[in-house]
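Here the structure is laid out as structure tokens; the discussion comes afterwards.
The values are calculated or read from the model by the stated rules, or taken from the named source; none is laboratory data. Everything quoted here is computed from the prediction, not taken from an experiment. Here the Cβ is made from the backbone with ideal geometry for all residues, glycine too, and neighbour counts use every protein chain on show. Heads up: the accessible areas ignore ligands, DNA and RNA and are worked out on the full protein's heavy atoms, side chains in. Shrake-Rupley method; radii C 1.70, N 1.55, O 1.52, S 1.80 Å.
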Amino acid sequence: FETHLLDLPTSPADRGPHGVPGREQFKHTIFGPQAWSGYDEAYFPAIRDALDAKNWTGAQIHLDKAASILTLASERLVE
């Protein structure tokens with residue numbers, strides 16, 4: 001289940017972007033480090049970063065992406 005929560009390409013043609021913007025090495029949709037601290041955790045880090053920057057469009061984009069990833073992960077869980 002954890003693997004399905006990663007923001008990874010879904011096909012060879014899917015070239016990105018993936019992961020937390022500015023820290024693309026972190027691919028988990030739900031968990032990641034805070035932007036302002038490399039040690040403390042953040043929940044939904046891409047969404048949180050966008051909200052902190054008052055980037056409402058970016059927040060909505062990352063919220064939609066997280067919802068899609070969570071939906072697919074839950075569907076795979078029940079298969």
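Given the DSSP H assignment, sum -39500 (n - 2.57) over each helix run of at least 4 residues in the chain and divide by its residue total; what's the result at 222 nm in deg cm²/dmol, nearest 500?
It comes out at -13000 deg cm²/dmol, rounded to the nearest 500.
Note that segment 1-49 presents 66 Å² accessible area per residue, ligands and nucleic acids not counted, probe 1.4 Å. Between the amide H of PHE31 and those of PHE44, distances stay under 5 Å, these residues lying 5 or more places away or on another chain, with hydrogens modeled in the peptide plane. For the chain, the relative contact order comes to 27 percent (Cα pairs under 8 Å, sequence separation of at least 6). On the accessible surface of the chain, probed at 1.4 Å, how many percent belong to carbon and sulfur atoms? Accessible surface attributable to carbon and sulfur in the chain totals 60 percent. Amide H contacts of PHE26: VAL20, each under 5 Å away and 5 or more positions distant or on a separate chain (H built 1.01 Å from N in the peptide plane; Pro and chain starts excluded).
Both the radius of gyration and Dmax for the chain are 12.6, 39 Å, in that order, over alpha-carbon atoms. Helix 56-78 and the longest principal axis of the C-alpha atoms of the chain enclose an angle of approximately 30°. About its Cα centre, the chain has a charge dipole of approximately 180 debye under the convention of +1 per Lys or Arg Cβ and -1 per Asp or Glu Cβ, with nothing else charged.
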